[in-house]
Amino acid sequence: MVLFFIPKMKLNLTKPLAIFDLETTGTNVGTDKIIEISIIKISPDGREETLTRRINPEMPIPPEATAVHHIGDEDVKDEPNFATLAPALVQFLAGCDLGGYNSNKFDIPLLVEEFLRAGVDFDLKGRRFVDVQNIFHKMEPRTLKAAYKFYCDKEIVNAHSAEADTRATYEILLSQIERYQGAEYTDKDGNVTTPVVNDIRALHEFSFQNRNADLAGHIIFNDKNQEVFNFGKHKGKTVEEIFGNEPSYYDWMMKADFPLYTKKIITAIKLRGFNKNSVKI
């Protein structure tokens, strides 16, 4: 059973916001697959559209994943694969900002990864990302179940079904905007702001933890707007410098189990460095 509600307030939108949730075979963005997706698309006029589909991941669903979302191999064996659904999903999400719970770290990177595997261009340029979990953790550090109880005073019925979790996330976002109107937040540098407002651009900026160059956060931007590594022995060093001095590191990343989108980003950086250093005749 899924709880439906009439929003107490209307989101201030300049373009549609697609709040979505994924159920998956696991948590590795580079290798795991989507088995269920649910999207609530809210238009600037307040109209809602909901899309929920199960997907055949074309791989066995691990028992530990089934234990969480209760979706097994038999439940998806006759469903279409992601590549089949990708064109319709791209069309449904066209022109939308994106929102979710832990979506910046997991749902958006995995969704983009699936589009890349399917050979479908899902352009992120110009989209804003609102991560309800980041707002929650910054303002009231806690899980989706606790957040729903805290903000909405409700229990999630059928938790870990994509549609129930998506609906709860949407309700939490509306409640956060109401609760934190005018509330002050002090960042790590001591700056005081009132960041939670009914504006997608502001929510996008506040719910981002890092300025990521890729979606998984392996490559981030430093204070000089340069792409730097956010992991491993070269953490904090610029990608362009390392690839120039240690070309084998690029080769290692391309062969390793990094997401396709990360590989796309580092390839663009490497080509940019090559073109910059090329001798023009």
Taking Thr186, is it β-branched (Val, Ile, Thr), within 21 Å of Asn12 (Cβ to Cβ) and either more than 23 Å from the chain's Cα centre (by Cα) or modelled with pLDDT of 95 or more (or both)?
no
Is it true that Lys276 is in contact with a Phe, Trp or Tyr (Cβ under 8 Å, 6 or more places away or on another chain), among the basic types (Lys, Arg) and outside any loop (DSSP other than H, G, I, E, B)?
no
Out of (1) over 28 Å from the mean Cα position of the chain (by Cα); (2) of a type in the set (Phe, Trp, Tyr); (3) not in a helix (DSSP H, G or I), what's the single condition that is false for Phe258?
(1)
Across the range 185-213, the tally of residues that are within 23 Å of Phe106 (Cβ to Cβ) and in a loop (DSSP other than H, G, I, E, B) stands at 7
Can we say Glu79 is of a type in the set (Asp, Glu), in contact with a Pro (Cβ under 6 Å, 6 or more places away or on another chain) and surrounded by 15 or more Cβ atoms within 10 Å (Cβ to Cβ)?
no
Do we have any residue at all in the range 164-180 that's polar (S, T, N, Q) and either under 30 Å from Arg272 (Cα atoms) or not in a helix (DSSP H, G or I) (or both)?
no
Could you list, in sequence order, all residues of the range 14-44 that are part of a loop (DSSP other than H, G, I, E, B) and either touching a His at 6+ places or on another chain (Cβ under 9 Å) or modelled with pLDDT of 95 or more (or both)?
Thr14, Lys15, Pro16, Thr25, Gly26, Asp32, Lys33, Ser43, Pro44
Touching a Ser or Thr at 6+ places or on another chain (Cβ under 9 Å) and crowded, with 16+ Cβ neighbours inside 10 Å: is that true of Leu85 in this structure?
no
So Asn198 passes all but one of these: (1) farther than 30 Å from Met9 by Cβ; (2) within 22 Å of the chain's Cα centre (by Cα). Which condition number does it fail?
(1)
Being surrounded by 14 or more Cβ atoms within 10 Å (Cβ to Cβ), at pLDDT below 95 and within 20 Å of Thr262 (Cα to Cα), is that true of even one residue in the range 197-208?
yes
Determine whether the range 208-224 contains at least one residue that is among the aromatic types (Phe, Trp, Tyr) and more than 25 Å from Leu11 (Cα to Cα).
yes
Filter the range 35-76 for residues that are surrounded by fewer than 12 Cβ atoms within 10 Å (Cβ to Cβ) and of a type in the set (Lys, Arg) and give the result.
Arg47
Taking Lys270 as the residue in question, decide whether it is of a type in the set (D, E, K, R), touching a helix residue (DSSP H, G or I) at 6+ places or on another chain (Cβ under 6 Å) and either loosely packed, with under 14 Cβ neighbours inside 10 Å or over 20 Å from Thr31 (Cα atoms) (or both).
yes
Lone unmet requirement of (1) under 21 Å from the mean Cα position of the chain (by Cα); (2) surrounded by fewer than 13 Cβ atoms within 10 Å (Cβ to Cβ); (3) assigned to a loop (DSSP other than H, G, I, E, B) for Ala216:
(2)
When the residues of the range 147-170 are filtered to those that are at negative phi and of a type in the set (Asp, Glu), which remaining residue is modelled with the lowest pLDDT?
Glu155
Testing Glu178 on (1) at pLDDT 90 or above; (2) over 21 Å from the mean Cα position of the chain (by Cα); (3) within 30 Å of Thr66 (Cα to Cα), one condition comes back false. Which one is that?
(3)
Picking from Leu116, Leu111, Leu144, Leu173, which residue would you name as being crowded, with 20+ Cβ neighbours inside 10 Å, more than 19 Å from Val197 (Cα to Cα) and at pLDDT 95 or above?
Leu111
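The values are calculated or read from the model by the stated rules, or taken from the named source; none is laboratory data. None of the values given here were measured: they were computed from a predicted structure. Reconstructed Cβ throughout: ideal geometry from the backbone, glycine too, with neighbour counts over all protein chains shown.
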